[in-house]
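Worksheet: the structure to be examined is printed underneath.
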Amino acid sequence: MPQNFDVIIIGGGGAGLTAALYASRAKLSTALFEKLVPGGQIALTDIVENYPGFPDGVTGGEIATRMEQQAKKYGTQIIYEGVEQIQSANKSFEVKTAKNAYQAKAIIIASGAFYRQLGVPGEKELIGKGVSYCAVCDGAFFKNQELVVVGGGDSAMQEGLFLTRFASKITVVHRRDQLRASPILQERAKNHEKINFIWNSVVSGVEGKDKMTAVKIKNVKTQEEKPFKANGLFVFIGQDPATSYLKGFVDLDEKGYVETKENLETSVPGVFACGEVRAGAVKQLVSACGEGCEAALAAQHYIENT
Ligand code: NAP
């Protein structure tokens with residue numbers, strides 16, 4: 001397998017796969033590094049309803065697979081290794097994984113973000129035994145069971161609605177009395193017969209031994225804490241950027257997102273960032289793809305002019 005490329009892209013979500021498509025079509029030798037399966041967060045999404053051109057929506061799995069096929073068709077090589085470090089080396093860059101080291105003239109960071117955990121007692125111990133961060137992956141295990149969903153954003157509403165296919169009842173626990181989600185998702189969730197809301201409250205603990213049996217719900221106004229029986233807990237309280245491998249290499253903001261200039265270049269010339277990992281990104285599939293295109297064109301310009 002070649003170890004030298006024109007462009008190395010880190011992350012195979014919408015941003016990374018679009019960057020790969022554009023870089024490959026520009027006849028740049030392109031490698032895309034992905035830890036698991038290409039598709040990123042889209043691959044874990046049931047249905048995408050706001051990607052233009054699909055009036056009836058498209059499943060996350062289908063669009064992810066099609067994007068991967070399209071990038072591969074033009075020559076992108078997908079390497080299933082997690083990147084651990086990037087270093088500048090003689091006007092190029094060295095990308096290290098646990099097994100190998102690779103070289104590239106330009107780098108595109110598209111490593112996205114991962115779902116945040118609550119950090120409450122019992123949560124970690126019961127992951128996979130009732131606690132989940134992915135409705136598409138785990139929803140089917142909860143047929144006719146009662147679930148708690150935490151969060152008030154688009155993810156909590158969209159995934160909560162998906163879970164109604166399986167669960168008998170879903171209780172959304174939100175720390176305020178107003179949702180953050182877009183109006184269309186709020187309306188659907190509020191009108192759904194299987195979905196109830198507990199407002200001004202947080203999940204303060206998860207109970208159970210080999211299987212989750214209940215959560216503790218605390219009212220943030222009265223501080224009253226009560227057990228609440230449920231078979232599963234799905235947590236959607238936002239994301240953190242996947243940038244631990246970038247510390248000390250490019251400038252990150254206070255939350256760990258990659259800072260970029262106008263052409264999506266980072267603080268290091270020749271290194272570009274796009275999609276959810278980028279500070280200021282609007283976190284939509286369509287914008288992630290647009291940024292992937294922009295980063296690839298900027299990387300091409302950089303390679304041709306240095
Ligand atoms: P988000 O918009 O940041 O919402 C996170 C939610 O979790 C908020 O309601 C927040 O409460 C709550 N929260 C945060 N920390 C918490 C904690 N420690 N305990 C309890 N609750 C907590 O995150 P997201 O829903 O994952 O969405 C991320 C981005 O992706 C957004 O820009 C969203 O629009 C986008 N997205 C879009 C779609 C779509 O277009 N269909 C689908 C999914 C995601 P507060 O409201 O009080 O802050």
Quiz item: Of Q69, Q85, Q77, which residue is assigned by TED's automatic domain parsing to the domain that holds A295, polar (S, T, N, Q) and under 21 Å from L44 (Cα atoms)?
Solution: Q69
Quiz item: Is it fair to say I42 is touching a strand residue (DSSP E or B) at 6+ places or on another chain (Cβ under 7 Å), within 14 Å of the ligand (Cβ to nearest atom) and in contact (Cβ under 8 Å) with a residue 12 or more places away in the chain?
Solution: yes
Quiz item: Can you name the number of the only condition in (1) touching a helix residue (DSSP H, G or I) at 6+ places or on another chain (Cβ under 7 Å); (2) in a loop (DSSP other than H, G, I, E, B) that A295 fails?
Solution: (2)
Practice problem: Take the range 158-187 and flag every residue that is surrounded by fewer than 18 Cβ atoms within 10 Å (Cβ to Cβ) and over 21 Å from D138 (Cβ atoms). | Solution: R175, R176, D177, Q178, R180, S182, P183, I184, Q186, E187
Quiz item: Which pairs do you get when a residue that is over 18 Å from G12 (Cβ atoms), found in the range 283-306, comes within reach of a residue that is in a helix (DSSP H, G or I) and among the hydrophobic types (A, V, I, L, M, F, W, C), reach meaning Cβ atoms under 7 angstrom, with the pair 6+ apart or on two chains?
Solution: Q300/A23
Quiz item: Any idea which of (1) aliphatic (A, V, I, L, M); (2) in contact with a helix residue (DSSP H, G or I) (Cβ under 8 Å, 6 or more places away or on another chain); (3) within 16 Å of the ligand (Cβ to nearest atom) is the one I78 doesn't satisfy?
Solution: (3)
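Listed here are the residues, each with its yes/no results for (1) crowded, with 20+ Cβ neighbours inside 10 Å; (2) over 20 Å from the mean Cα position of the chain (by Cα); (3) not polar (S, T, N, Q).
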residue	(1), (2), (3)
L246	yes, no, yes
N263	no, yes, no
V268	no, yes, yes
V271	yes, yes, yes
V277	yes, no, yes
V286	no, no, yes
E291	yes, no, yes
A295	yes, no, yes
Practice problem: Using the structure shown, decide if V235 is surrounded by fewer than 16 Cβ atoms within 10 Å (Cβ to Cβ), touching a residue at least 60 places away in the same chain (Cβ under 8 Å) and among the aliphatic types (A, V, I, L, M). | Solution: no
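Considering only the range 191-276, give the strands (runs of 3 or more DSSP E) lying wholly within it that have at least 3 residues that are within 16 Å of the ligand (Cβ to nearest atom).
By residue number, 195-198, 201-208, 212-219, 232-235, 239-241.
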Exercise. Considering each residue of the range 110-141, count those that are part of a strand (DSSP E or B), in contact with a helix residue (DSSP H, G or I) (Cβ under 6 Å, 6 or more places away or on another chain) and away from the ligand (no atom under 15 Å from the Cβ), and give that number.
Key: 0
Self-check item: Complete set of residues in the range 87-115 that are under 20 Å from the mean Cα position of the chain (by Cα) and of a type in the set (S, T, N, Q)
Solution: S111
Practice problem: Determine, yes or no, whether A167 is in contact with a helix residue (DSSP H, G or I) (Cβ under 6 Å, 6 or more places away or on another chain) and either more than 15 Å from the ligand (Cβ to nearest atom) or of a type in the set (V, I, T) (or both). | Solution: yes
Quiz item: Within the range 142-164, restricting attention to residues that are polar (S, T, N, Q) and within 11 Å of the ligand (Cβ to nearest atom), which residue is nearest to E225 (Cα to Cα)?
Solution: S155
Quiz item: Would you call T45 in the same structural domain as A298 (by TED's automatic domain parsing), of a type in the set (V, I, T), buried (at least 18 other Cβ atoms within 10 Å of the Cβ) and closer than 27 Å to R165 by Cβ?
Solution: yes
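Pick from Q284, Q300: which is assigned by TED's automatic domain parsing to the domain that holds V48, closer than 27 Å to D138 by Cβ and of a type outside the set (K, R)?
None of the others qualify; the one that does is Q284.
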Quiz item: So I184 fits all but one of (1) farther than 27 Å from E224 by Cα; (2) more than 10 Å from the ligand (Cβ to nearest atom); what number is the exception?
Solution: (2)
Practice problem: Any residue in the range 147-173 that's at positive phi: show its pairings with residues that are more than 11 Å from the ligand (Cβ to nearest atom) and part of a helix (DSSP H, G or I) at Cβ separation under 9 Å, as long as the two are six or more apart or on different chains. | Solution: none
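The values are calculated or read from the model by the stated rules, or taken from the named source; none is laboratory data. Values in this document were obtained by computation on a predicted structure and should not be read as measured data. No Cβ is skipped: glycine too gets one built from the backbone with ideal geometry, and neighbour counts run over all protein chains shown.
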